[in-house]
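See structure below.
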Amino acid sequence: MKTLFTAVLLLVLAASCKQEESLTTLTGTWKLHAFQTGPNEIEREPAGLGRSVIIRLSDDGSTGKITGHTVNNRVFGNYQLQPGHQILLPGLASTYVFEPDWGMRFLVAMQHTRTYWVAGNQLILFYDADNETQEKMIFYREK
């Protein structure tokens, strides 16, 4: 009887964990505030850009659309959320006008983004800059 109770409890816990994971969504408008390339290496948005990097995400917890802009270009495409906070950006595209370093870093980093984390009003996108070092972009939710 004790074994049966333990098995049922484990099934209920596993089902609730799976249900909670499927409810994760990145939906919202997010502004890029910083790149973090090491434990104490944070580069914040430079002054005087004229326009910040903004992305708008809309998903159902599984598939979604991304729109927004860099400093000089529009970005658009689709994304997929997968278990383990993984994100796939197979169809990300942008217009292409000369881009200052801040916007170009964002575009390159998005091509290498593999995982994400959401905590309150903060979205962190992790990317592999050189296939060995995991760096991150830090976004804050816009109101």
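FYI, it's all coordinate maths here, none of it is from the lab. Owing to the predicted nature of the structure, the values given are computational and were not obtained by experimental measurement. Note: ideal-geometry Cβ built from the backbone for every residue, glycine included; neighbour counts use all protein chains shown.
Between the DSSP loop rule and a limit of at most 16 other Cβ atoms within 10 Å, which chymotrypsin sites (Phe, Trp or Tyr not before Pro) in the range 49-116 are left?
Qualifying residues, ordered by number: 96, 98.
To the nearest 20 debye, what charge dipole does the range 16-111 have about its Cα centre, counting +1 at the Cβ of each Lys and Arg and -1 at the Cβ of each Asp and Glu?
Charge dipole, the range 16-111, about its Cα centre: 260 debye, nearest 20.
Can you give me the relative contact order of the range 25-141 as a percent, contacts being Cα pairs under 8 Å and 6 or more apart?
Reported relative contact order: 25 percent.
Please name which of 91, 134, 123 has its Cα lying farthest along the dipole of the range 86-143 towards the positive end, using unit charges on Cβ (Lys, Arg +1; Asp, Glu -1) and the Cα centre as origin.
Value computed over the given set: 123.
Please rank 51, 105, fewest neighbouring Cβ atoms within 10 Å first, as an exposure proxy.
Listed from fewest to most nearby Cβ atoms, that is 51, 105.
7 Å from Cα along Cα→Cβ at both residue 128 and residue 82: what's the point-to-point distance in nm?
1.2
Rounded if a/c is under 1.5, else prolate if a/b is larger than b/c, else oblate: which is the range 25-141, with a ≥ b ≥ c the root eigenvalues of its Cα gyration tensor?
Rounded, because the longest to shortest axis ratio a/c is under 1.5.
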